[in-house]
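Everything below concerns the one structure shown next.
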Amino acid sequence: MTPEEELQTLNRTIRQFESVFRSTKDPSQRARVTKELTKLKTYREKLQSFHEFDPTAFEEPAVVDEWEGLSYLKTILESAGKKSKSKKESYEESFGDRELYYLYLYLDYFEEDFLTILSETKLKLDFKHSLERDSFYHRFENLRRLFANVNEDSSTVDLYSGQKHEEDMRKRSFKKKRNVIVEADKFLRSVERFAEVLVTDIESGGLICLNADDKLHFDRIEGRRSFEGKTVRQALKELKSFAREVIEFLNVPQIESRE
């Protein structure tokens with residue numbers, strides 16, 4: 001990545017964090033976002049001091065698109081907006097955290113569109129990569145259990161308002177939320193690496209994926225899927241792109257994600 005590209009990425013990440021800060025009401029999340037913004041802006045200042053940039057090339061846009069780099073999330077939210085407003089709001093309020101709610105929507109989308117193609121009937125792989133592919137089902141279910149636990153905590157923490165254990169409960173709830181985000185980051189990074197290996201192998205004429213050019217079709221029981229009629233190769237490229245977007249959205253420091 002060139003210094004110019006790195007600066008552009010930094011500016012985009014900073015704008016996304018600023019958007020999250022404006023939209024969230026969760027004090028703990030605002031504190032975390034403020035901390036991240038301070039780090040990012042400090043690093044940006046250092047980068048600008050070490051390199052000469054054309055200032056006109058990095059001027060802030062007059063109108064900031066808060067969905068820049070978040071095309072999947074924008075599509076997901078537009079789809080969610082077609083559902084009843086009260087149901088959508090109840091989901092968001094139940095988490096008490098917009099970042100966590102958006103991650104929940106991302107994982108819903110992954111389960112609906114991508115997990116379906118990670119099956120033996122849709123994606124034919126050699127033995128080694130079949131085992132890795134199958135492991136994603138177990139790991140995804142574990143993420144779902146973590147979410148259920150966090151959601152249960154979020155719905156009961158207000159019951160301790162004014163009591164001596166309120167602060168402990170809120171700290172515990174925050175740690176669980178953070179753990180979900182870190183585990184989701186680990187999961188999506190594994191998915192991205194997996195998709196990258198397959199796509200690279202397909203492009204080089206390898207033999208890991210045995211049905212790269214097969215078109216995907218779904219029966220009535222499976223329901224309508226967005227990959228209907230697309231090739232396995234196309235679906236894997238989209239899987240990699242989707243995983244990368246979620247990883248960048250979560251923005252988990254790698255020293256933390258390896259803990």
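The values are calculated or read from the model by the stated rules, or taken from the named source; none is laboratory data. What you see is a predicted model; the values in this text were computed from it and never measured. So basically every Cβ, Gly included, is an ideal-geometry build from the backbone, and we count neighbours across all protein chains shown.
Of everything in region 221-235 that's among the charged types (D, E, K, R) and either modelled with pLDDT under 85 or assigned to a helix (DSSP H, G or I) (or both), which residue is nearest to K39 (Cα to Cα)?
First, the residues of region 221-235 that are among the charged types (D, E, K, R): 222, 224-225, 228, 230, 233.
From what is left, the residues that are either modelled with pLDDT under 85 or assigned to a helix (DSSP H, G or I) (or both) are 222, 224-225, 233.
Numbers: E222: 45, R224: 44, R225: 41, R233: 38 Å.
Out of the qualifying residues, it is R233.
Between E167, E245, E238, E203, the distinction of being closer than 30 Å to R32 by Cα and either at pLDDT 85 or above or outside the structural domain of R98 (by TED's automatic domain parsing) (or both) belongs to E245 only. Please verify whether R133 is over 17 Å from I181 (Cα atoms) and either in a helix (DSSP H, G or I) or of a type in the set (D, E, K, R) (or both), treating the condition exactly as stated. Yes: the conditions hold for R133. For region 44-77, a tally of residues being modelled with pLDDT under 85 and either touching a helix residue (DSSP H, G or I) at 6+ places or on another chain (Cβ under 9 Å) or not in a helix (DSSP H, G or I) (or both) returns 21. Checked against the criterion of being surrounded by 13 or more Cβ atoms within 10 Å (Cβ to Cβ), at pLDDT below 85 and in the same structural domain as Y104 (by TED's automatic domain parsing), the candidates S130, S161, S154 yield just one match: S154. Would you check if A212 is in contact (Cβ under 8 Å) with a residue 60 or more places away in the chain and either part of a loop (DSSP other than H, G, I, E, B) or closer than 19 Å to F136 by Cβ (or both)? Spelling it out, it is not the case that A212 is in contact (Cβ under 8 Å) with a residue 60 or more places away in the chain and either part of a loop (DSSP other than H, G, I, E, B) or closer than 19 Å to F136 by Cβ (or both).
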